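The values are calculated or read from the model by the stated rules, or taken from the named source; none is laboratory data. Note that this is a predicted model, so its numbers are computed, not measured. Every residue, glycine among them, receives a Cβ derived from its backbone with ideal geometry; neighbour counts consider all protein chains shown.
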Amino acid sequence: MIDIFQYPKTVTLLLLVLQGLLRQVLTRRKRLGASLPPGPKGLPLIGNLYDMPTSTRPELAYSELARQYGDMVYLETLGTKILVLSSLKRTTDLFERRSTIYSDRHRSPMLNKEMGYEAYFSLMPYGALWRRQRKLFHEYFNPTAVKRYHSMILEERLAFVEDLLNDPKSFSQRTRSYFTRVILRSTYGIQPKGNDDPFITQPAITVEGFNTVALTGTFMVDLIPALSYVPDSLPFTGWKKVAKFYRESSLESRISPFEYVCELHRQGVAPESAARSMIEKLPNREDPGYNEAFICAQDTTAVSYIGGSDTSLGAARSTLLLLAKNIDAQKRAQEELDEVVGPDRLPDFNDRPRLVYVNALIMEIMRMHQQLPIGLPHTSTEDDIYDGYFIPKGTLVFGNSWHILHDPNVFQDPFTFNPDRFIKNGELDKHVMNPFSAAFGYGRRICPGRHISLDSLYAMVTSTLALFNIYPPKNKHGAPVPLNEDFTDGVMPALKPFDLDISPRSPQHAEFLRGLTASLV
């Protein structure tokens, strides 16, 4: 008899091959006479293993496949089935019109089980617990509820522009601080102490963990779930240390801020926040449902805390970079702000309907850069026939937002920054695809925090443009340094560090800002 621990590589390969063959046979028997969606022809045994994106940005690789095979591309390797949708029609048909089939999430052994990220309802399987958390989140962060945070958002944006005036070179850190403070205050009522406060740094580690492992196939345990039971002492189990590190970090992120608010609430000094309201509505401790309700509230708030600040931060950095690269668009937005708002105050949410070009500019920024360009995969819960194609149960279904929002058949010159594409006769053109319909996900799994994210972004963009010019840095000869849009790899690509020249539009603008902040002291 073969000692499986003596030949781990051989046994692993054999299990993969057998698993892949078995699933291929079962899938063929269920096709009901329909063919699979188009896609590259796979190799024997391993299927489309070499067609799968690995370390590079997956949305670009899938986009290239869409140009070859159309807006539905099917891949299968070692039993993992993937369908990539690259048009709004396809995402609407499956994620919205057939949402009962396509609203589940993939149970990633690494991400969900080993790292414990399934506690966040954005990654949670579709079911009763997911619906409970989603409903609770929507209660406190729907478009109407978010308005209660507007005064706080405007207060934090004032602190942000003051920081920008005093230390413009640290715009990246100041931007992170702004969005994290908005999320912390709205969710927990917590005001962090500086950029190094653990309440600011901790969620970034959790998001890093997600981006490290979320790409399908990064870790072998996702292809062979049985590896979870392999002893830690064996070779090739270093992934278990990775999982343990991020599991502990994630647990700290979920628990510590909510427990902090609980303690303040016991003392009778908890500030108004979503968490405080949830705590006040908890059943009595003696009630059998108390523990379940407590965990639900704790994990629901963590979704906003961990995901909200990082995704908003990415959008803000994209904003500053694209404004510096498109000075004409920046000037037009400033002219509109001067006309609508005037020189005696900062923009607020009442100005929003009249700031047509600024709204179009934000839409164009979201079209150009998405924080989750390939999105999180939905999973089909049953076999389905769609448009004549057979989609097997358990297929991971992605919506390639990046491709959809860069499709030349939908957006002319898609790689040109042009807010005017969304304007007609002085108003936002409702006949042009709104990029928010693809940038935040799809169907029942659309990002629930998009409303506070967009409101926070609007406040930052309008106030920054009203007070500052944003230019590329200059070299020692005084010439502008070209700005490149370089991103990190992964499902959440982030802009690599870059420099900007940010300065007040005039001495009068600087003096106006100092007067505003002095009045608050």
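Every residue in segment 372-405 that is closer than 12 Å to ARG105 by Cα and either assigned to a loop (DSSP other than H, G, I, E, B) or not aliphatic (A, V, I, L, M) (or both), please.
Within segment 372-405, GLY375, LEU376, PRO377, HIS378, THR379, SER380, THR381, GLY394, THR395, PHE398 meet the criteria.
In segment 443-479, which residues are more than 15 Å from the chain's Cα centre (by Cα) and in a loop (DSSP other than H, G, I, E, B)?
Matches in segment 443-479: PRO472, PRO473, ASN475, LYS476, HIS477, GLY478, ALA479.
Does ARG57 fit the bill of being surrounded by fewer than 18 Cβ atoms within 10 Å (Cβ to Cβ) and either at pLDDT below 90 or not acidic (Asp, Glu) (or both)?
For ARG57, the condition - surrounded by fewer than 18 Cβ atoms within 10 Å (Cβ to Cβ) and either at pLDDT below 90 or not acidic (Asp, Glu) (or both) - is not met.
Going by the structure shown, is LEU154 surrounded by 21 or more Cβ atoms within 10 Å (Cβ to Cβ), within 25 Å of ALA439 (Cβ to Cβ) and among the hydrophobic types (A, V, I, L, M, F, W, C)?
no
When segment 328-361 is examined, which residues are found to be over 20 Å from PHE436 (Cβ atoms) and of a type in the set (Lys, Arg)?
LYS331, ARG332, ARG345
Give me the residue from segment 224-248 that is surrounded by fewer than 13 Cβ atoms within 10 Å (Cβ to Cβ) and not in a helix (DSSP H, G or I) and, out of that set, nearest to the chain's Cα centre (by Cα).
My answer is GLY238.
Could you say whether any residue in segment 338-347 is out of contact with any Phe, Trp or Tyr (no Cβ under 8 Å at 6 or more places or on another chain), buried (at least 21 other Cβ atoms within 10 Å of the Cβ) and either within 26 Å of LEU154 (Cα to Cα) or at pLDDT below 90 (or both)?
Yes, some residue in segment 338-347 is out of contact with any Phe, Trp or Tyr (no Cβ under 8 Å at 6 or more places or on another chain), buried (at least 21 other Cβ atoms within 10 Å of the Cβ) and either within 26 Å of LEU154 (Cα to Cα) or at pLDDT below 90 (or both).
Applying the selection to segment 481-521, what residues are free of Cβ contacts under 8 Å to residues at least 12 places away in the same chain and of a type in the set (A, V, I, L, M)?
ALA518, VAL521
Can you name the condition, by its number, that ASP387 falls short on among (1) on the phi < 0 side of the Ramachandran plot; (2) over 20 Å from the mean Cα position of the chain (by Cα)?
ASP387 satisfies all of (1) on the phi < 0 side of the Ramachandran plot; (2) over 20 Å from the mean Cα position of the chain (by Cα) except (1).
If you check TYR305 against the conditions, is it farther than 30 Å from PRO504 by Cα, among the aromatic types (Phe, Trp, Tyr) and touching a residue at least 24 places away in the same chain (Cβ under 8 Å)?
Yes.
Step by step: first the residues of segment 96-110, then only those that are among the hydroxyl-bearing types (Ser, Thr, Tyr) and touching a helix residue (DSSP H, G or I) at 6+ places or on another chain (Cβ under 6 Å), then the one that is farthest from PRO377 (Cα to Cα). Which residue is that?
SER99
Condition first: assigned to a loop (DSSP other than H, G, I, E, B), of a type in the set (Val, Ile, Thr) and surrounded by 15 or more Cβ atoms within 10 Å (Cβ to Cβ). Can you find one or more residues in segment 101-116 that meet it?
Yes, that holds for at least one residue.
Limited to segment 480-521, what total is found for residues that are part of a helix (DSSP H, G or I) and in contact with a strand residue (DSSP E or B) (Cβ under 6 Å, 6 or more places away or on another chain)?
The total comes to 1.
Output the residues belonging to segment 243-262 that are within 14 Å of ALA275 (Cβ to Cβ) and touching an Asp or Glu at 6+ places or on another chain (Cβ under 7 Å).
ARG254 - this is the single residue of segment 243-262 that is within 14 Å of ALA275 (Cβ to Cβ) and touching an Asp or Glu at 6+ places or on another chain (Cβ under 7 Å).
So which residues in segment 490-502 are surrounded by 15 or more Cβ atoms within 10 Å (Cβ to Cβ) and either within 30 Å of THR218 (Cβ to Cβ) or not hydrophobic (A, V, I, L, M, F, W, C) (or both), if there are any at all?
Answer for segment 490-502, where residues must be surrounded by 15 or more Cβ atoms within 10 Å (Cβ to Cβ) and either within 30 Å of THR218 (Cβ to Cβ) or not hydrophobic (A, V, I, L, M, F, W, C) (or both): GLY490, VAL491, MET492, PRO493, ALA494, LEU495, PHE498, ASP501.
Need pairs with beta-carbon distance below 6 Å; first residue farther than 16 Å from CYS296 by Cβ and within segment 107-123, second part of a loop (DSSP other than H, G, I, E, B) and not aliphatic (A, V, I, L, M); sequence gap 6+ or separate chains.
Matching pairs, first to second residue: MET110/PHE219.
Being part of a strand (DSSP E or B) and not small (Gly, Ala, Ser), is that true of even one residue in segment 406-414?
no
Quick one: in segment 75-89, of everything that is over 19 Å from the mean Cα position of the chain (by Cα) and in contact (Cβ under 8 Å) with a residue 60 or more places away in the chain, which residue is surrounded by the most Cβ atoms within 10 Å (Cβ to Cβ)?
The selected residue is LEU83.
Give me a count of the residues in segment 413-428 that are polar (S, T, N, Q), under 22 Å from LEU323 (Cβ atoms) and surrounded by fewer than 16 Cβ atoms within 10 Å (Cβ to Cβ).
1
Which one is farthest from the chain's Cα centre (by Cα) among residues in segment 185-223 that are under 19 Å from ARG317 (Cβ atoms) and either in a loop (DSSP other than H, G, I, E, B) or not β-branched (Val, Ile, Thr) (or both)?
Once the filter is applied, the top-ranked residue is ASN195.
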